[in-house]
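In what follows, a single structure is set out as structure tokens and then discussed.
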Amino acid sequence: QPSVFIYEVALAMTQKEIVPDVVAGHSLGEFAALVICGAISLEDGLKLVLNRALIGQKASENAPIKTGMGAVIGLDDDYVAKRIKEIWDESGEPIYFANHNGPGQVVITGSKKGVRLACKAFMKEGAKKAVPLAIGGSFHSPFMSEAQIELGEIIKSIEFKRPCIPIYQCVDALPHTDPEEIRNNLIVHITHPVLWTDMVN
């Protein structure tokens with residue numbers, strides 16, 4: 001994650017011919033966007049990303065059940081949202097929406113068994129693809145509550161400045177310039193779904 005973060009920041013900084021009106025980043029990318037708009041320093045961004053990775057991994061290992069994530073392609077987002085609730089009710093296996101990546105391209109998260117059951121059901125129900133991902137954790141879900149508390153304390157210790165341009169944040173898909181709003185949204189970020197489709201729209 002630190003490597004991806006550094007790459008994203010470097011790539012954005014080399015785009016001298018492009019002057020953005022706003023910035024946004026998908027999940028990990030939000031941290032790079034915060035650096036680019038001047039809300040946090042590169043050093044603090046790297047510190048947050050490293051701790052996010054370590055704390056998230058620890059929370060995954062400490063989860064009471066085995067958790068995971070799955071990609072679903074080719075079904076309506078509302079249909080996926082309705083069906084994961086039904087599958088949860090039927091199986092008792094918790095499943096959540098993790099990423100709204102684009103119309104018909106979403107990521108679900110929750111118990112490993114629940115994700116597997118959902119992917120199997122979605123393939124029978126007409127998905128182009130529905131597969132568990134090689135990710136050892138249930139990110140952007142309540143399973144990260146422990147990580148949110150620990151990472152939140154680190155986020156609170158970081159200096160946030162008013163950005164030079166608005167940043168659209170993953171938790172509400174709205175533009176923000178107030179440093180405290182940005183900070184508070186970033187604390188919630190690890191347990192909340194990524195609303196990328198709404199951000200792009």
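The values are calculated or read from the model by the stated rules, or taken from the named source; none is laboratory data. Here the structure is a predicted model, which is why all the values come from computation and not from measurement. Positions of Cβ are generated from backbone atoms using ideal geometry, with glycine treated the same way; all protein chains shown enter the neighbour counts. Only protein heavy atoms, including side chains, enter the accessible area calculation; ligands, DNA and RNA are left aside. Shrake-Rupley method; radii C 1.70, N 1.55, O 1.52, S 1.80 Å.
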In whole angstrom, the spacing between the Cα centers of the stretch 162-201 and the stretch 104-140 equals 25
Who wins for biggest fluctuation among I154, I167, I36 in a Gaussian network model of the chain, springs between alpha carbons below 10 Å?
-> I154
If the cut-off is 20 Å between C-alpha atoms, which aspartates and glutamates fall inside it for K113, apart from same-chain ones fewer than 8 positions away?
-> E61, E86, D89, E90, E93, E125
Would you mind checking which residues have amide H under 5 Å from Y96's amide H? H placed 1.01 Å from N; only 5 or more apart, or other chain.
-> T109, G110
Quick one: putting +1 on the C-beta of Lys and Arg, -1 on the C-beta of Asp and Glu, what dipole do you get for the stretch 123-201 around its Cα centre, in Debye to the nearest 20?
-> 380
With both partners inside the chain, how many of the DSSP beta bridges are antiparallel, as a percent to the nearest 5?
-> 85
Between the stretch 1-43 and the stretch 44-66, the Cα center-to-center distance that results, in Å | 21
Mind checking which lysines have their C-alpha under 30 Å from K112, skipping anything on the same chain fewer than 8 residues away?
-> K47, K58, K66, K82, K85, K120, K124, K128, K129
Residue-normalised accessible area of the stretch 102-201, expressed per residue, 1.4 Å probe, Å² | 48
Work out the charge dipole of the chain with +1 on the Cβ of Lys and Arg and -1 on the Cβ of Asp and Glu about the Cα centre, then indicate which of P163, T197, A24 is farthest towards its positive end.
-> T197
In order over the stretch 94-107: 3J(HN,Hα) from phi, Karplus 6.51/-1.76/1.60, θ = phi - 60°, whole Hz, x for each Gly or Pro, gives x, 9, 10, 7, 9, 9, 9, 7, x, x, x, 9, 10, 10
Indicate the helices, whole DSSP H runs only, in the chain that combine a mean Kyte-Doolittle hydropathy of -1.0 or more with a Cα extent along their long axis of 20 angstrom or more.
-> 42-62
In terms of modelled amide H atoms, which long-range or inter-chain residues lie less than 5 Å from the amide H of Q169?
-> L174, H176
Computed ³J(HN,Hα) along the stretch 161-177: with the Karplus parameters 6.51/-1.76/1.60, θ = phi - 60°, integer Hz and x for glycine or proline, the list is 10, 5, x, 6, 9, x, 10, 7, 10, 4, 6, 9, 6, 10, x, 10, 10
GNM result for the chain, Cα springs below 10 Å: residue of M69, M123, M13 fluctuating most strongly = M13
CD proxy, 222 nm, the chain: helix-only mean residue ellipticity via -39,500 (n - 2.57) per DSSP H run with n ≥ 4, per residue, nearest 500, stands at -15000 deg cm²/dmol
Share of carbon and sulfur in the accessible heavy-atom surface of the chain [1.4 Å probe, %] = 57
